[in-house]
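The values are calculated or read from the model by the stated rules, or taken from the named source; none is laboratory data. Computed from a predicted structure; not experimentally measured. Note: ideal-geometry Cβ built from the backbone for every residue, glycine included; neighbour counts use all protein chains shown.
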Amino acid sequence: MSLQVYGIPNCGTCKKAFNWLQNHNIDYEFINTKETPPTRDQIQNWVKSLGSAPMRNTSGQSYRALGEEKKTWTDEQWIDAFANDAMLLKRPLFVKYGIAVLVGFKDETVIREKLGL
């Protein structure tokens, strides 16, 4: 499958994305990051394509628990943090052919553009 969507099933934003994809007959594979967390190598590749800042789930408890030093972390430190706690990853994360292309779900135009639809 060329499109994978990483997230958790009870995430409201993920549910909106799943509904939108289904309503537009777009095939995708859902990967539950709680059950199957991404590997450090996967995360490192995603950070190369998107950067670490857009991938941060800044509204989650895991993020708030990190402390103030997180504001000065490098991408490598964020990659380690994401690999240790997948709840730090913003959801949903869209991966096409192994490359992270989009994180979050807001604007249909951006989604179409980033997913090549």
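Within the range 22-36, can you find the residues that are at pLDDT below 95 and within 12 Å of A83 (Cα to Cα)?
Passing the criteria: only K34.
Could we say that R64 is of a type outside the set (A, V, I, L, M, F, W, C), surrounded by 14 or more Cβ atoms within 10 Å (Cβ to Cβ) and modelled with pLDDT of 90 or more here? Please lay out each step first, then the result.
On the way: of a type outside the set (A, V, I, L, M, F, W, C): yes; surrounded by 14 or more Cβ atoms within 10 Å (Cβ to Cβ): no; modelled with pLDDT of 90 or more: yes.
Against the criterion (of a type outside the set (A, V, I, L, M, F, W, C), surrounded by 14 or more Cβ atoms within 10 Å (Cβ to Cβ) and modelled with pLDDT of 90 or more), R64 does not qualify.
Can you name every residue in the range 20-60 that is surrounded by 13 or more Cβ atoms within 10 Å (Cβ to Cβ) and either at positive phi or in a strand (DSSP E or B) (or both)?
F30, I31, N32, G51, R56
Evaluate the following for K114: is it over 14 Å from the mean Cα position of the chain (by Cα) and assigned to a helix (DSSP H, G or I)?
no
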